[in-house]
Each structure stands twice: as C-alpha cells, then as structure tokens.
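Quick notes on the structure that follows.
The values are calculated or read from the model by the stated rules, or taken from the named source; none is laboratory data. Owing to the predicted nature of the structure, the values given are computational and were not obtained by experimental measurement. Cβ coordinates were reconstructed from backbone atoms using ideal geometry, including for glycine residues, and neighbour counts include every protein chain displayed.
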C-alpha cells in the first residue's frame, strides 16, 4: 500500500510538472520566436540595410524620446531656406547633409548653395547634392557675408573674401552685408521637425533593442533573464518527465 501511495503521488507530481511544462512552453515559445527573428535579422544587417532604414511610426519615436535638443536655425536666401537642426542641414524642407558643427551662415549663388560652419565650407547644388566640402580656410569662421558675387567670412585673423569659383581667399578691402538668421515659416518648420524625427531612429537599433529586451527600458534585460530561466526550467522539467 505504501508503494502504491508513493507511485500515485509521484504520478500526480509528474502530471503537475507536465502541465506547467506546457504552460511555460507557450510563454517561452514567444521569446524564442522573438530571438530567432531578431537574431536572423541582425546577422544580415548589411543585406537588409537595417542601418540605412529609419522608423517612421510616431508612437515608437515618442517611446524612444526622439526629438531635437535645440531649436532650428534658419537662413533665408531669396526664395530658399537653409536650416540647421541639431547638425541636420535642410534645404527648404529636404534633408541634404549632416554636420558635426552648427551653421554660422548660408546663402545662394546662381550656381550653388553655400553653407558655412565654423571650420567647414559646404557647396551644394540647387537640388541639394553635395558638390564640394572645403576645410582649408583662412581661419575659424565667425560669420558669413555676401556682396555682389563674392562671399565673405569674418575670422579672428580678419575678413576674407573669395569669388564665385571659391578657388582662393584674400584679405577683404570692403565690408559685406553680413548674413543673419531668420524665423522659419511654421509649415516648413513642422515638415523639418517631422523629417528630423524620421531620421532619428535607425531600424537596426530597434531590432537590437528587441533582441536584448532594452526596448522596454531598464527592466527589459531582466525580462529576457526571466525568459532564460523559464527555458532552464523547461529543460529540467522535460528531463524529469522523460525519466519517470
């Protein structure tokens, strides 16, 4: 009788283990599926161009807190607008380049769009394509000016000018009209803000955060740790049921 009672209890315990094994298996399968899909995607990041694609979903951008730190700084030249928003340069409403330094001035000529930071001169076509990037300058650019077809820069070493070919700089003999920033029209500003947010979250980062659990914040990795523990329990419970 004692042996029968022992066997009955053992069978009941094994049944309970088997029942929880199935429940935990359903939960674990979701995590395994997530790890499989994201792991395969990360192994083929270059082929899938995950680092070149950006998330546009507003709720996900809000979740990550993707928003500019500074207000846009814009320069109006004729009918065109050149805007700097946290290093993202926009021509009118179109993103054209990314810079590590803030813009100190911009204007247009008949052939190109001129954008200056304190240490770099960018020459763009009117379609926004980059023509040339110039780093050899007389000094640190404090502000940008224009007079006739000539471009002027104010530096700690003095004022220098160059013609429309931008081949050489010489000490300026005249004072130009210095270019100052202007208030950007609201519709253009909103489009630029939307464009900035749209380039602020690479798809690769989202997939990587899904894989590690960090998309849920500080508690995400602990959730993935819990999933690993569940998998361990499944292995042990499966081995136990196999041995009885």
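So the values come out like this:
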read-out: Lone unmet requirement of (1) more than 25 Å from residue 199 (Cα to Cα); (2) surrounded by fewer than 18 Cβ atoms within 10 Å (Cβ to Cβ) for residue 159; value: (2)
read-out: Conditions (1) in a loop (DSSP other than H, G, I, E, B); (2) surrounded by 13 or more Cβ atoms within 10 Å (Cβ to Cβ); (3) touching a residue at least 40 places away in the same chain (Cβ under 8 Å): number failed by residue 110; value: (2)
read-out: Criterion: modelled with pLDDT of 85 or more, surrounded by 12 or more Cβ atoms within 10 Å (Cβ to Cβ), over 30 Å from residue 48 (Cβ atoms) and in the same structural domain as residue 102 (by TED's automatic domain parsing) - qualifying residue of 168, 172; value: 172
read-out: Selection within the range 111-124 - more than 25 Å from the chain's Cα centre (by Cα) and under 18 Å from residue 81 (Cβ atoms); value: 112, 113, 114
read-out: Index of the failed condition, residue 115 passing every other in (1) in a strand (DSSP E or B); (2) touching a residue at least 40 places away in the same chain (Cβ under 8 Å); value: (2)
read-out: Among (1) in contact (Cβ under 8 Å) with a residue 40 or more places away in the chain; (2) under 18 Å from residue 107 (Cα atoms); (3) part of a loop (DSSP other than H, G, I, E, B) - the single one residue 175 does not satisfy; value: (1)
read-out: Residue satisfying all of: in the range 158-172; assigned to a loop (DSSP other than H, G, I, E, B) and in contact with a strand residue (DSSP E or B) (Cβ under 8 Å, 6 or more places away or on another chain); nearest to residue 131 (Cα to Cα) among these; value: 166
read-out: Some residue of the range 197-217 being over 30 Å from residue 34 (Cα atoms) and assigned to a loop (DSSP other than H, G, I, E, B); value: no
